[in-house]
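Below you'll find the structure, written out as structure tokens, and then a few comments.
The values are calculated or read from the model by the stated rules, or taken from the named source; none is laboratory data. Because the structure is predicted, anything quoted here is derived from the model rather than measured. All Cβ positions, even for glycine, are placed from backbone atoms using ideal geometry, and neighbour counts span all protein chains on display.
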Amino acid sequence: MIRFDDVSKRYPGGHDALKQVSFELNKGEMAFLTGRSGAGKSTLLKLIMIMEIANQGQILVNGKNLNRLPKRQIPLYRRRIGVVFQDHQLLFDRSVYENIALPLQIEGYSKHEAGRRVRAALDKVGLLKKEKLNPITLSGGEQQRIGIARAVVNRPQILLADEPTGNLDPELAAEIMLLFEQFNQIGVSMLIASHDLSLITRLKHRMLTLENGTLVSDTTHKASAERSL
Amino acid sequence: MRTEPVKAKAVKDPALKARAAPASTASQLRSRLQHHREMAGDSLHRLWKAPLASLMTITVIGIALLLPALLSVVMLNVGGLGSGIDDINQITLYLHDEVTESRAAELSDDLLSNNDVRSVSYISADQALLEFRDQSGFGDVISALGSNPLPAVLVIRPSTLDAAEAEQLLQALQALPEVEFAQLDLLWLQRLQGLTGIIERAVAALIIILSVAVLFVVGNTIRMAIESRRAEILVVKLVGGSNSFVARPFLYTGFCYGLLGGLFAWLSLLSLLLLFAEPLNSLLDLYGSDFVLQGPGILPAVVLLSGGALLGWLGALLSVMQYLAAIEPR
């Protein structure tokens, strides 16, 4: 589903964020991307979202070589990938409903169909009753769930998350991870960047560890290997 | 987007099964039209929410559009002054008293055969007196004179408007024995033509300069609007919004600014003309002119509104494109 071949990213100014990273994430697989702050986790996710472009190597997503993807097709490509941020990136000038409906509005769904999907996503994250509220009135955990609802409302094949539990207490963080596992169970490929080792080691999924931009370990947990077969 | 009451039935749909087919083409088109409508409404709403800032921008655009419009109206009216061009462009030959009417007729036939002469008309001394009496109001005084002090006149229209050629013709006519004095009335016309030529160029230059000014005023306003909606643009781009989707609200805002600026300019133009029409017409009356101040018709309204809207849209486009290019991944 996602394949990195010797991918390096050097930022202007000479900082090497990623050095010759290679790995492959299979369809329906769930993996954690871990490492200290500054190890290159966010950069790796940004490369998949084409928010940054690799200086070297090839990235294939769903068979498409991102180096050769025409600029015009980037929006279409991004619509197939859901993304969740640590700071959830919600817009506080509109309601919860409108936040989640944004990807559908962009893709051109009718209001009726969009409404159906938004409510399905809200139901999934357990916040069906909050659709008319402004997200600023919600708690951190609830805001993150709205962020997740927005990421999955489009029914993407791939879900990326960058420190999705970074601002949450352990209990809420575990709930969010549980939610991710549920999405994974219905076939969504997941790559979740997190430095919360105590949480993610408990979850028994594949773990990719970055250190100073280099992939230093790739441990495939037995249970997760069975699942992705 | 309206929020509808929650429908219990719809919620049963599982959130994430296999990916469903993307929205159909017809639905996408409808949705795009819908987005256009919403963004048009949204941009007006935003202008309304910050009335002072909007009013200042609109006023600046309006004034920038008003100046060339005002000059155009001035030019239109000066052009109107010169519309009697044929009457002005003439050589008047004052004949000697002893030239008889038949000799004058012969002479005018001779002159007509000259290629440089377009037409000749003869005004006898008696006719001239009658005209003068009617037009000047000095009828009684003239009657008191007893004899007619006015000479017979041949009025010649040269076929050329060129000053040098007309001057040559004047010299030739002056040399005729029957002619006591020849007068060329071209100079005034040329001055007028020179003046309108200058104003025409000034209008053209002003239109260019002030159009650029409008572009920058709108561009800068839109740049600030973009700054204040950075987070939104980032999110829209990340969930797969195309550049045109991102640009749409800003283009509508620029369009509205331009359109309202054009409206401002047109209304100002109308008020200024109303303000000046009365005193100007009475002043011109004093000079015995039958000139009437030409008001702008529907054309200036169309030009100002559409030109303003176009410039506003273009200024916004420049600003948005520049911003979108800056956030492209490298």
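Restricting attention to the stretch B:272-311, which residues are at pLDDT 90 or above and surrounded by fewer than 13 Cβ atoms within 10 Å (Cβ to Cβ)?
B:Val302
I need every pair where a residue in the stretch B:103-128 that is under 12 Å from B:Arg157 (Cβ atoms) has its Cβ under 6 Å from the Cβ of a residue that is assigned to a strand (DSSP E or B) and basic (Lys, Arg), sequence separation at least 6 or different chains.
As it stands, the answer is B:Arg118/B:Arg157; B:Ser119/B:Arg157, since those pairs meet every condition given.
Condition first: under 18 Å from B:Ser31 (Cα atoms), in a helix (DSSP H, G or I), within 14 Å of another protein chain (Cβ to nearest Cβ) and in contact with an Asp or Glu (Cβ under 8 Å, 6 or more places away or on another chain). Now tell me which residues in the stretch B:230-258 satisfy that.
If the condition is that a residue be under 18 Å from B:Ser31 (Cα atoms), in a helix (DSSP H, G or I), within 14 Å of another protein chain (Cβ to nearest Cβ) and in contact with an Asp or Glu (Cβ under 8 Å, 6 or more places away or on another chain), then B:Pro249 is the only one that fits.
Identify, by number, the condition in (1) more than 30 Å from B:Gly254 (Cβ to Cβ); (2) modelled with pLDDT of 85 or more; (3) not acidic (Asp, Glu) that B:Leu65 doesn't meet.
(1)
So, in the stretch B:1-51, of the ones that are outside any helix (DSSP H, G or I) and more than 9 Å from every other protein chain (Cβ to nearest Cβ), which residue ends up modelled with the highest pLDDT? Step through it out loud before you land on a result.
Residues of the stretch B:1-51 that are outside any helix (DSSP H, G or I), as a first pass: B:1-7, B:12-24, B:50.
Now restrict to residues that are more than 9 Å from every other protein chain (Cβ to nearest Cβ): B:5, B:21, B:50.
On the way: B:Pro5: 43, B:Ala21: 49, B:Ala50: 85.
For the stretch B:1-51, the residue satisfying everything is B:Ala50.
Can you work out which of the residues in the stretch A:114-147 that are within 8 Å of another protein chain (Cβ to nearest Cβ), among the charged types (D, E, K, R) and in contact with a Ser or Thr (Cβ under 9 Å, 6 or more places away or on another chain) is surrounded by the fewest Cβ atoms within 10 Å (Cβ to Cβ)?
The residue in question is A:Lys132.
For the subset of the stretch B:214-228 comprising residues that are touching a residue at least 12 places away in the same chain (Cβ under 8 Å) and over 10 Å from B:Gly315 (Cβ atoms), which member is nearest to the other protein chains (Cβ to nearest Cβ)? Walk me through it before giving the result.
If we filter the stretch B:214-228 for residues that are touching a residue at least 12 places away in the same chain (Cβ under 8 Å), which is where we start, we get B:214-223, B:225-226.
Okay, now just the ones that are also over 10 Å from B:Gly315 (Cβ atoms), so B:225-226.
On the way: B:Ala225: 13, B:Ile226: 15 Å.
That would be B:Ala225.
Away from chain B (no Cβ under 11 Å) and small (Gly, Ala, Ser) - does that describe any residue in the stretch A:148-164?
Looking through the stretch A:148-164, at least one residue is away from chain B (no Cβ under 11 Å) and small (Gly, Ala, Ser).
Can you find a residue that is in contact with a strand residue (DSSP E or B) (Cβ under 6 Å, 6 or more places away or on another chain) and either surrounded by 19 or more Cβ atoms within 10 Å (Cβ to Cβ) or away from every other protein chain (no Cβ under 14 Å) (or both) anywhere in the stretch B:183-190? Before the answer, list the steps.
Step one: list which residues in the stretch B:183-190 are in contact with a strand residue (DSSP E or B) (Cβ under 6 Å, 6 or more places away or on another chain), which gives B:183-184.
Next, only the ones that are either surrounded by 19 or more Cβ atoms within 10 Å (Cβ to Cβ) or away from every other protein chain (no Cβ under 14 Å) (or both) stay: B:183-184.
Yes, the stretch B:183-190 has at least one match.
For the stretch A:80-104, which residues satisfy the criterion of being at the interface with chain B (Cβ under 7 Å from one of its Cβ atoms) and within 20 Å of B:Gln34 (Cα to Cα)?
Kept after step one, since they are at the interface with chain B (Cβ under 7 Å from one of its Cβ atoms), are these residues of the stretch A:80-104: A:83, A:89, A:91, A:95, A:97-98, A:101-103.
Correct list: A:Ser95, A:Tyr97, A:Glu98, A:Ala101, A:Leu102, A:Pro103.
For the list (1) in a helix (DSSP H, G or I); (2) surrounded by fewer than 21 Cβ atoms within 10 Å (Cβ to Cβ); (3) within 12 Å of chain B (Cβ to nearest Cβ); (4) in contact with a strand residue (DSSP E or B) (Cβ under 8 Å, 6 or more places away or on another chain), I need the number of the one condition that A:Leu47 fails.
It fails just one condition, (2).
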